[in-house]
Amino acid sequence: MRAGDVIASAVHNTFRSKLRTSLTVIAIFIGAFTLTITSAIGAGITNFIDSQVGAIGAPGVLAVSPAPDTDAAAEGPPVYDPDRATGGASVDGPPGSTIVGLNQDDLDAIAEIDGITGVTPMVSLAVDFIEAGGSEQYELPLDLASGAFVPDLAAGAAVADVTERQLQIPADYVEPLGFADAQAAIGQSVTLGVTDGVGGHHEVGAVVVGVSNQGLLNLGAEANEALADALIEAQRTGAVGEATPVYLATNAYIDPASTPEQIDAIKAALLDAGFQGSTTADQIGAFKTVIDVVTTVLNAFAVIALLAAGFGIVNTLLMSVQERTREIGLMKAMGMRSGKVFGLFSMEAVFIGFLGSALGAGVAILLGLIAAPLLAESLLAGLPGLEIVRFEPLSVAVIVLAVMAIAFLAGTLPARRAARQHPIEALRYE
């Protein structure tokens, strides 16, 4: 019997007991369906998080902040250190505020660490409100744009280092400010309100050059340096003396091609100098850990279903071997070798696994493609760009092949029993 005849015979024999085969296929279907859906959800969310990496930091950038005093934290409240960078009415906080962070000496010390090519402080600008063309006034979190950030834009472009005061606003500000859509907001003038050190109110104009999509972090708006300087100047109006800038953190630039060992060495040097640095991978690691844990748990349930289906395959084929004992004896009496008999029953197991896995994966893909747009317009409307299910051909193929391998292993015992049948005793079986 040729290989093609073995396959054809295995497919035909699979449907001898339709009910028994169908129940086994359903059990495999459930496991394959669950595995396909969970892997697609995991891939979709992971892809969305990766797309949000630009909102946290680009490759080749470390976010550096003062290292926590772990000894003080373990023993009680930290003791006041007059040499530690603190400031009030600084560019990184509202008038009258006091913050603890990095001063210019700290920035210089960070820049001198081997492997760091430059630093750019992270600056949050104090803005009372934003309005456009007589619209309602809205609060606005505003940061000084940094080259370390790559915004996910719905329209327009990122702010640039030019003399024009440029602003990038989040997408959820478009409609409240009276713009028809994100594209319509590009090039429009807005007004920002700030309060100075003596309580005076000032208005600073700017031009919208970009609209950013909402993401996981919702970092707010970004201003170019020209707009930041204008806001800081208005904020310092009436202040006595020169305020010392203090920053909560800074971006430290390194070679994007740095190896993990080199990055670890830079982090260690920062820690020795009293600072802590984290890469983009460090910052999004918690998100991915949670997703991986949830996906693993769901996949564990799917694997349990597949194991149960494996016992179903064993039962189905053992019953088939018992019912076809005389047929097996006849095939062996006519010269079919034990290897061919083993292959015949193994192929039946593999075909059952293929049926269940292909149907499970196919239905999962169909339902996913139908449900994804509906979810994007309803429950996930606040997260544009999130593809909740992302079916990757390689992952689907691996799932189908894995289920077929489980089916083959499950069919090994019945196939061996069939292959070891003695032809004379099999022909006498009643």
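The values are calculated or read from the model by the stated rules, or taken from the named source; none is laboratory data. No experiment lies behind these values; they were computed from the predicted model shown. Note that we place each Cβ from the backbone using ideal geometry, even for glycine, and neighbour counts take in every protein chain shown.
Please verify whether the range 375-382 includes one or more residues that are in the same structural domain as Ala40 (by TED's automatic domain parsing), part of a helix (DSSP H, G or I), of a type in the set (S, T, N, Q) and out of contact with any Phe, Trp or Tyr (no Cβ under 9 Å at 6 or more places or on another chain). Scanning the range 375-382, I find no residue that is in the same structural domain as Ala40 (by TED's automatic domain parsing), part of a helix (DSSP H, G or I), of a type in the set (S, T, N, Q) and out of contact with any Phe, Trp or Tyr (no Cβ under 9 Å at 6 or more places or on another chain), so the answer is no. Taking residues in the range 357-373 that are assigned by TED's automatic domain parsing to the domain that holds Val398, and partners anywhere that are of a type in the set (D, E, K, R), the pairs with Cβ atoms closer than 8 Å and at least 6 places apart or on different chains are Ala372/Glu387.
Would you confirm, using the coordinates I've provided, whether Ala397 is over 30 Å from Ser212 (Cα atoms), assigned to a helix (DSSP H, G or I) and touching a residue at least 40 places away in the same chain (Cβ under 8 Å)? Write out each step before concluding.
On the way: over 30 Å from Ser212 (Cα atoms): yes; assigned to a helix (DSSP H, G or I): yes; touching a residue at least 40 places away in the same chain (Cβ under 8 Å): no.
No, not satisfied.
How many residues does the range 268-287 contain that are in contact (Cβ under 8 Å) with a residue 60 or more places away in the chain, over 27 Å from Asn47 (Cβ atoms) and surrounded by fewer than 19 Cβ atoms within 10 Å (Cβ to Cβ)?
Of the residues in the range 268-287, 5 are in contact (Cβ under 8 Å) with a residue 60 or more places away in the chain, over 27 Å from Asn47 (Cβ atoms) and surrounded by fewer than 19 Cβ atoms within 10 Å (Cβ to Cβ).
Selection of the range 20-60 for residues being at pLDDT below 80, farther than 19 Å from Met404 by Cα and assigned to a helix (DSSP H, G or I) yields Ile45, Thr46, Asn47, Phe48, Ile49, Asp50, Ser51, Val53, Gly54, Ala55, Ile56. Selection within the range 179-199: residues that are part of a loop (DSSP other than H, G, I, E, B) and in contact with a helix residue (DSSP H, G or I) (Cβ under 9 Å, 6 or more places away or on another chain). The member of this set that is modelled with the lowest pLDDT is Gly197. The numbered conditions (1) over 16 Å from the mean Cα position of the chain (by Cα); (2) surrounded by fewer than 16 Cβ atoms within 10 Å (Cβ to Cβ) are all true for Val290 except (1).
Could you check the range 107-129 and list, in sequence order, the residues that are in a strand (DSSP E or B) and under 32 Å from the mean Cα position of the chain (by Cα)? If the condition is that a residue be in a strand (DSSP E or B) and under 32 Å from the mean Cα position of the chain (by Cα), then Ile116, Thr117, Gly118, Val119, Thr120, Pro121, Met122, Ser124, Leu125 are the ones that fit.
Condition check: assigned by TED's automatic domain parsing to the domain that holds Thr34 and on the phi < 0 side of the Ramachandran plot. Does Leu317 satisfy that?
Considered against the rule, which asks whether it is assigned by TED's automatic domain parsing to the domain that holds Thr34 and on the phi < 0 side of the Ramachandran plot, Leu317 comes out as yes.
Among the residues here, Ala309 qualifies as part of a helix (DSSP H, G or I) and either in contact with a Lys or Arg (Cβ under 6 Å, 6 or more places away or on another chain) or in contact (Cβ under 8 Å) with a residue 40 or more places away in the chain (or both).
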